[in-house]
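Contents: one structure, followed by commentary.
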Amino acid sequence: MTIVLSNHANPSVTHARHFGGRVAIAYVQPLLELVQERGVALHALALAAGLADNALSPLPESLAAHDFVRLLDAGAALTADPHFGMHVGERVKLGTYAVYGLILLSCRDFGQVFQQTQRFESLAHDLGVSSLVGQPPFGGERVCRGAGV
C-alpha cells in the first residue's frame with residue numbers, strides 16, 4: 001500500500017499571501033522560544049517578517065497563517081539556519097497543543113490519528129479541513145490533503 005501525503009505548505013515569503021485563516025499561538029510559541037534562545041529579539045523577528053515591531057509582545061491569541069509562515073522564514077534568515085523549521089518542530093512539547101495533541105498521541109496508528117485530526121483540527125487552526133482519499137487499507141492509494149489551504 002502506498003501512502004501519499006500532499007503538502008500544501010510552502011514556507012516561502014513569496015507564497016505566504018496564499019495562506020488564509022489563523023493558527024493558534026501554540027504553533028508560534030516554539031518558534032519564538034528558539035529565536036530568543038539564539039539571541040534574536042522578538043521585535044527584530046517581527047520586523048524581519050514584515051510585521052509591526054510590537055506584533056509579538058504581548059502575544060495575541062492567534063496569528064494569521066501567512067504571518068506565521070513569514071515568521072518561520074524570518075527566523076530561518078535571522079538565525080542563518082537552513083533547518084530552522086525542523087528545529088522549531090523539535091521544540092514541540094506534549095502540552096503544546098493541549099487536548100488535541102494528547103488525543104493524537106493516544107492513537108494506535110496513522111489511520112486513527114487522521115480520523116481524530118479531521119474531528120479536532122479546528123481547535124488548532126481554521127486553514128481548511130483535511131481529507132483522506134482512496135481505498136484503504138488494500139488495493140488503493142491514500143492521499144491526504146488539506147482542503148482550502
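Across the stretch 56-80, which residue is farthest from residue 25 (Cα to Cα) among those that are touching a residue at least 12 places away in the same chain (Cβ under 8 Å) and assigned to a loop (DSSP other than H, G, I, E, B)?
57
Which one of these does residue 44 not meet: (1) modelled with pLDDT of 90 or more; (2) small (Gly, Ala, Ser); (3) not in a helix (DSSP H, G or I)?
(3)
Restricting attention to the stretch 135-147, does a residue exist that is at pLDDT 65 or above, hydrophobic (A, V, I, L, M, F, W, C) and touching a Leu at 6+ places or on another chain (Cβ under 8 Å)? Let's see the steps before the verdict.
Initially, the stretch 135-147 is screened for residues at pLDDT 65 or above, giving none.
Within the stretch 135-147, none of the residues are at pLDDT 65 or above, hydrophobic (A, V, I, L, M, F, W, C) and touching a Leu at 6+ places or on another chain (Cβ under 8 Å).
In the stretch 75-99, which residue that is within 16 Å of residue 23 (Cβ to Cβ) and crowded, with 18+ Cβ neighbours inside 10 Å is modelled with the highest pLDDT?
75
Could you tell me whether any residue of the stretch 17-38 is outside the structural domain of residue 110 (by TED's automatic domain parsing), assigned to a loop (DSSP other than H, G, I, E, B) and modelled with pLDDT of 95 or more? I'd like the intermediate steps shown before the answer.
As a first pass, look at the stretch 17-38 and keep what is outside the structural domain of residue 110 (by TED's automatic domain parsing): 17-38.
If we keep only those that are assigned to a loop (DSSP other than H, G, I, E, B) too, we end up with 19-21, 38.
Those left that are additionally modelled with pLDDT of 95 or more: 38.
Yes: the stretch 17-38 contains one or more residues that are outside the structural domain of residue 110 (by TED's automatic domain parsing), assigned to a loop (DSSP other than H, G, I, E, B) and modelled with pLDDT of 95 or more.
The values are calculated or read from the model by the stated rules, or taken from the named source; none is laboratory data. Given the structure is predicted, the values throughout are model-derived calculations rather than measurements. FYI the Cβ positions are ideal-geometry reconstructions off the backbone, even for glycines, and counts take in every protein chain you see.
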